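Some notes on the structure that comes next.
The values are calculated or read from the model by the stated rules, or taken from the named source; none is laboratory data. If you're wondering where the values come from, they're calculated on a predicted model, not measured in any experiment. Here Cβ is always computed from backbone atoms with ideal geometry, including for glycine, and neighbour counts include all displayed protein chains.
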Amino acid sequence: MRSWTRASKLVAGNMNTLKSSLQNIFYYPSAVVGMLVVFLLVFTAVYALVKIPYNEAIRLWRGGEEVWYQNPKFAPPAWINYFSAKKYSESFAVGTSDGTMAKAVTPGPEGTSTMSASYTFDFSYDYYPQEMILYLSSRYKEKQPFISAEWLTPDGRKIRIVNSALNQKQTYRFSQDEKLKTRLGTDEVVPQLFSNPETGNLMKGKYQLLITGATFEPESDIDVEFVFHGQVYGLAGTDHARRDLMVPLLWGAPVALAFGLIASLGTSILTMVIAALGTWYGGWIDELIQRITEINIVLPFLSILIMIGTFYSRSIWVILGATILLSIFTSAIKGYRSIFVQVKESMYIEAARAYGASSPRIVFLYLIPRMIPLLIPGLVSSVPAFVFLEASLALLGLGDPVLPTWGKIIEDANANGALYRGYYYWILEPATLLMVTGLGFAMLGFALDRIFNPKLREV
Amino acid sequence: MAVVTQTPAENTVVRKTSHNSTFVRVSRYVVVRLLTLFVTVVAGIYLTIMIANMGGYVDQIMKGEIRDRITQSIGLNPAMQQMQPAVRKKLIEESIAQEEKRLGLDIPIAIRNFRYLSNALTLNLGRAINMTSDSGSKQVRLILLERLPATLLLMGVSQLFLFFSSILLALNLSRRYGNFWDRAVVALSPTSAVPPWFYGIFMILIFAALLKVLPFGGMVDSPPPSNRFDYAMSLLKHMTLPALSLVLSSFFLSIYNYRTFFLIYSSEDYVEMAKAKGLPSRDVERRYILRPTLPNIITNFAFLIISLWSGATITETVFLWPGLGRTLYHAIGLYDIPIIVGSTIIYAYMLAMTVFLLDFIYALVDPRVKVGGR
């Protein structure tokens, strides 16, 4: 994009400029900000890879309802309560099997026993929760255990929720219980449980869920899990499939970094090497490279990527390979070529030829290293384009089918009408991360460009 | 939009005394140039065709779909349920063969590729496989033509506005180099790393979802207003956000590039000389800065015109704008090779034509350039 002759003046300078130029970087505020962003991104990526290993990430992202059942649907992150005068209820899940819900078992006569578990929690929010669910599991041979649940409100009322014989596994949803609906006289069971019966308003205070069970065999046992789907969840919120958005937000960092850096590194280095080889050997090689470049410019880049994604494979690595292949032979190769033509004639190359250096030696040790100062700004500046390319393809439904990425979140949000239905967090979170990443690399790239291209620094 | 910023020395061929007559030189140049461009277009289109049917892989998908569809429709047809199984099987096979023949799937892929190629090169765009235009036609030409106005409107308005406003603002900034606005543009230029659809999402969030002043997407209200004025107003309302995102995403970088470009030219000695002579700054700008940069500005303009054709696939998708970019994306999803090839060939021809014409335009606007000169 920028002038190549200007840069070629620099090439004629000394390799030491690379070192001294890099020392200048701290004089550019935008470079410092950019570096900070890149550093944070690398840190996040490493953190994500260590904290959630690949297999765990895939399980959390594609596991299915049994992985996500504890989370509410479409829940914004919990920290929005800091910005809202009215508080949204936070989600939680407790169970007797992991000890987060106290359970007491009293043995009775003839192998029977009674079990009781209770959970008390403070409800001081201004919005009703989405749903409450009991996941009940029991062990028995012939005689089914029996369970009953009661609801204690802050004003001392005791509401009978359910009495039931238990199967091995059973799910009880408060809002779906027809008997409870008739007993409470309303279809909106969950709001009713949190309301003052006289005024109909929401009532804050300590609520208690009391569960008592009876088993009729020596080895029989009951476990209860109480899942409370509030209006908000965790640090990142959840999507339409109850997935915690934290997983794709964290994992998006290494994927975006890997895609952006590999694509821009691969593209810039291959472009430079091919341009150098073409210029050095000249003749039909040079001619061939020029023709391929012209043909490549005719090819519709995005359409071909869409075709590869639609017809062949949506794997991010296949798309990455195709992206690099299509990005090598662009107008950049002509730019590099025009500088190599000048460098080829310079004295030190003449000297190398005179002492009998081999062609590969001249190309890889003398020609290419001279261009590194020019390569770096372009390389850094092209990272955002590739990061956004991945997101663009994901938005078109061609994202990687397995990996959780930022683009996939935006696609899901867009497909589920997040903006239309007011789930702004769903789009804003990945969008902010993408934006910060893109701007970080772009700012660093611009600053490097000004550092390495002295002519630009003057103006 | 990539702005071409080159110093004059690279792009011009300095006039040399030549023994050939101008006519011979120019005609030889024209023939060689047209030939290379034609070969380039042929190779590009053939590659696109190869990719568009993935070496025959798409054929298998399509054959499978045809078999499913016909087996099902005949199986579900009550009139045919009375038939003997053998007769019905024969009927199914015949219908499949007929459908494959209709779509040309019975011809080997290698021959079909060349048929696509020769049809494309003669601009005989043919019939779409699965897509139909809104008026019900399967002609590729009609499908593309139907979408063209929408794309031309959106892209034309945004790109032309971007082009002229950035040149004017850049000229202005290059005069006041180093002041607040100049530094603001330099500082904001990295914002162009973000693609237009991304700004689009933010625009929708702010203006459609939160403020509720502009629509989420689409091109006109539904049902479309019958009154011409209302129709135009509705169009304007729907176009604001996509056009704004397209402009915004390239705005600062475009100004920055032109500004840097103009600054480099204004530090030339002859500009200093003109200023020293006491020429008014308008004249200095017109004669000594804009004039030598004209070839580059024209190049950018020419490529802008070409870019109008390809549309903005993702921005159109985000805003549900019924343009060419989105049609192409749909065509790919429906394996509609004639549409993909048709859209590509037109782009390739436009590109080749522009590249060819630009050489002559350079010679017209820059007296130092000579067509075909070496």
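Figures for the structure shown
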read-out	value
Verdict on A:E294 being more than 14 Å from chain B (Cβ to nearest Cβ) and of a type in the set (D, E)	no
A:S124 being of a type in the set (S, T, N, Q), buried (at least 18 other Cβ atoms within 10 Å of the Cβ) and touching a residue at least 24 places away in the same chain (Cβ under 8 Å)	no
Helices (runs of 4 or more DSSP H) enclosed by the stretch B:304-370 - at least 1 residues per element that are within 11 Å of chain A (Cβ to nearest Cβ) and polar (S, T, N, Q)	B:313-318, B:337-365
Failed condition for A:R59, given (1) surrounded by 14 or more Cβ atoms within 10 Å (Cβ to Cβ); (2) touching a residue at least 12 places away in the same chain (Cβ under 8 Å); (3) among the basic types (K, R)	(2)
Criterion violated by B:L253 - all others in (1) modelled with pLDDT under 85; (2) assigned to a helix (DSSP H, G or I) satisfied	(1)
Any hit, the stretch B:60-77, residues being within 14 Å of chain A (Cβ to nearest Cβ) and aliphatic (A, V, I, L, M)	yes
Any hit, the stretch A:204-213, residues being among the charged types (D, E, K, R), more than 20 Å from A:G95 (Cα to Cα) and buried (at least 17 other Cβ atoms within 10 Å of the Cβ)	no
Members of the stretch A:90-121 found to be at positive phi and without any contact (Cβ under 8 Å) to a residue 60 or more places away in the chain, listed by number	A:G99, A:E110
Residue in the stretch A:408-424 that is surrounded by the most Cβ atoms within 10 Å (Cβ to Cβ), counting only those that are within 21 Å of A:A57 (Cβ to Cβ) and in contact (Cβ under 8 Å) with a residue 40 or more places away in the chain	A:I409
Residue that is within 14 Å of chain B (Cβ to nearest Cβ) and buried (at least 22 other Cβ atoms within 10 Å of the Cβ), where the choices are A:G252, A:G309	A:G309
Matching residues in the stretch B:190-237 - criterion: being touching a residue at least 40 places away in the same chain (Cβ under 8 Å) and more than 26 Å from A:L393 (Cβ to Cβ)	B:L235
Single match in B:L246, B:L188, B:L236, B:L205 (criterion: more than 14 Å from chain A (Cβ to nearest Cβ), part of a helix (DSSP H, G or I) and surrounded by fewer than 19 Cβ atoms within 10 Å (Cβ to Cβ))	B:L236
Lone unmet requirement of (1) within 18 Å of the chain's Cα centre (by Cα); (2) within 11 Å of another protein chain (Cβ to nearest Cβ) for A:Y420	(1)
Some residue of the stretch B:218-232 being at the interface with chain A (Cβ under 10 Å from one of its Cβ atoms) and surrounded by fewer than 18 Cβ atoms within 10 Å (Cβ to Cβ)	no
B:S222 being among the small types (G, A, S) and in a helix (DSSP H, G or I)	no
Scope the stretch B:311-328; condition touching a helix residue (DSSP H, G or I) at 6+ places or on another chain (Cβ under 6 Å) and surrounded by fewer than 22 Cβ atoms within 10 Å (Cβ to Cβ); matching residues	B:P322
The stretch B:127-164: number of residues that are hydroxyl-bearing (S, T, Y) and buried (at least 17 other Cβ atoms within 10 Å of the Cβ)	3
Test: residue in the stretch A:392-404 that is of a type in the set (A, V, I, L, M), closer than 30 Å to A:V273 by Cα and assigned to a helix (DSSP H, G or I)	yes
Neighbours by Cβ (under 6 Å, 6+ apart or cross-chain): first from the stretch A:367-386, among the basic types (K, R); second part of a helix (DSSP H, G or I)	A:R370/A:V11; A:R370/A:V343
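Conditions (1) in contact with a strand residue (DSSP E or B) (Cβ under 7 Å, 6 or more places away or on another chain); (2) at pLDDT 80 or above; (3) more than 28 Å from B:F301 (Cα to Cα), marked per residue:
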residue	(1), (2), (3)
B:V4	no, no, no
B:A9	no, no, no
B:L35	no, yes, no
B:I49	no, yes, yes
B:N53	no, no, yes
B:D59	no, no, yes
B:I109	no, no, yes
